[in-house]
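The values are calculated or read from the model by the stated rules, or taken from the named source; none is laboratory data. Keep in mind the model is a prediction, meaning the values are calculated, not measured. Cβ atoms come from the backbone with ideal geometry, glycine included; neighbour counts cover every protein chain shown. Side chains included, ligands, DNA and RNA excluded: accessible areas come from the protein's heavy atoms. Shrake-Rupley method; radii C 1.70, N 1.55, O 1.52, S 1.80 Å.
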Number of protein chains: 2
Amino acid sequence: GEGGEGEGGDVVEGVRVPVVRLNVGEVAEATVVAVLPVCKAEEKEKEVLEAPWECGSEGEFGVVVAEKGWRRWVVLPSWEPVAGLKRGGVVVEFADARVLPWRVNRWYKEEAILVVADRGRKAVAADDGFYMVADGEKGLKVERGSVLKGIGVEESLGTVVLVVRPPREATDSQLDEEDWE
Amino acid sequence: GEGGEGEGGDVVEGVRVPVVRLNVGEVAEATVVAVLPVCKAEEKEKEVLEAPWECGSEGEFGVVVAEKGWRRWVVLPSWEPVAGLKRGGVVVEFADARVLPWRVNRWYKEEAILVVADRGRKAVAADDGFYMVADGEKGLKVERGSVLKGIGVEESLGTVVLVVRPPREATDSQLDEEDWE
């Protein structure tokens, strides 16, 4: 793996998590897609702990087989950080990108984001890594490793491996042109 | 829906169900994908009855939200017959295409197929339609409307709307090259 800059991703300066925009039709450009269980940020840690761990793909049609049932799923292009998640991957849906603990980027604004975390890597290992943690009664949040270490937190719900931004607002036909450039 | 011929589908002569081959990367060519619950043919009717009915897509990321959890899912290009399935769609995975009750086609051979059925249309309505039915202890099968009517069966598990064939055989490395061309 390239340790990941998703295709078309802006890697925010000083942040080790790739941030990519999901283009309409992109689920498209990759011949391989990843299907991951989704949790809502406001559901707290319970959902992240409960979401299926194994979501392997089976047979010629790539049928996704999870070890348990789950209601919410998302299909993503199989970007490098996602493709590497053989087990333990989970997606948390945040209504507002401002939950991200960095402010260096101009796109920092009110938009929904998906945060992909690897539950197989719970240890708060890197100061400049980002981790999914419970935020008391408010649900879930993404926190910087250095901040967690500063308050003595050694274990998270998972290491953040990718942030996905929504498709740009535009009419369908405009998006179609971009997709196929 | 146009009751449909899937894009790129061979419509088998005299058969009203489109048969399409899933090309590698095609989940791709469509900007929109459909995610449907999957049942194994050998699981009998129980699974088809139990699989989630509502699998709507929500928000900018198209998160699939089912009314209940399910373990097996497949991502398909949003071909016309599939796109029209707002609720009640289900996919049955057969290990061998020879279960199909027609023999006019030269590709009639041992290959896995997915049969997409609409559980919202259970009535055995058309003589030349195809229906998903229980096959005693053997699991599920696809049967022609005229045959079912002939034995007095008026209700099926669902009307077959599409048959999907697997991608053509090729080595993984060949596929990879194709992917990124």
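What to note about this one:
- Number of positions in the range A:148-162 that are more than 18 Å from A:Gly136 (Cβ to Cβ) and part of a helix (DSSP H, G or I): 1
- Of the residues making up the range A:65-100, just one is farther than 18 Å from B:Arg72 by Cα, at pLDDT 85 or above and small (Gly, Ala, Ser), namely A:Ala95.
- Hits in the range A:76-91 (condition: assigned to a strand (DSSP E or B) and open to solvent by less than 10 Å² (accessible area, probe 1.4 Å)): A:Leu76, A:Pro77, A:Gly89, A:Val90, A:Val91
- B:Glu155 modelled with pLDDT of 95 or more and under 23 Å from B:Val90 (Cα atoms): yes
- When the range B:109-128 is filtered for residues that are surrounded by 14 or more Cβ atoms within 10 Å (Cβ to Cβ), farther than 21 Å from B:Trp53 by Cβ and of a type outside the set (Val, Ile, Thr), the ones remaining, listed by number, are B:Glu111, B:Ala112, B:Ala126.
- Selected residue (criterion: nearest to B:Gly89 (Cα to Cα)) from residues of the range B:134-143 that are buried (at least 20 other Cβ atoms within 10 Å of the Cβ) and without any contact (Cβ under 8 Å) to a residue 60 or more places away in the chain: B:Val142
- The numbered conditions (1) outside any strand (DSSP E or B); (2) open to solvent by 10 Å² or more (accessible area, probe 1.4 Å); (3) among the aliphatic types (A, V, I, L, M); (4) modelled with pLDDT of 85 or more are all true for A:Val104 except (4).
- Every pair of residues 6+ apart whose Cβ atoms lie under 6 Å, when the first sits in the range B:103-131 and is under 13 Å from B:Val163 (Cα atoms) and more than 14 Å from every other protein chain (Cβ to nearest Cβ) while the second is part of a loop (DSSP other than H, G, I, E, B) and at pLDDT 90 or above: B:Asp118/B:Gly88; B:Tyr131/B:Val124; B:Tyr131/B:Ser156
- The residue that is farthest from B:Gly88 (Cα to Cα), among those in the range B:34-64 that are at pLDDT 90 or above and at the interface with another protein chain (Cβ under 9 Å from one of its Cβ atoms), is B:Val63.
- If the condition is being closer than 30 Å to A:Glu110 by Cα and aromatic (Phe, Trp, Tyr), then the range B:42-86 contributes only B:Phe61.
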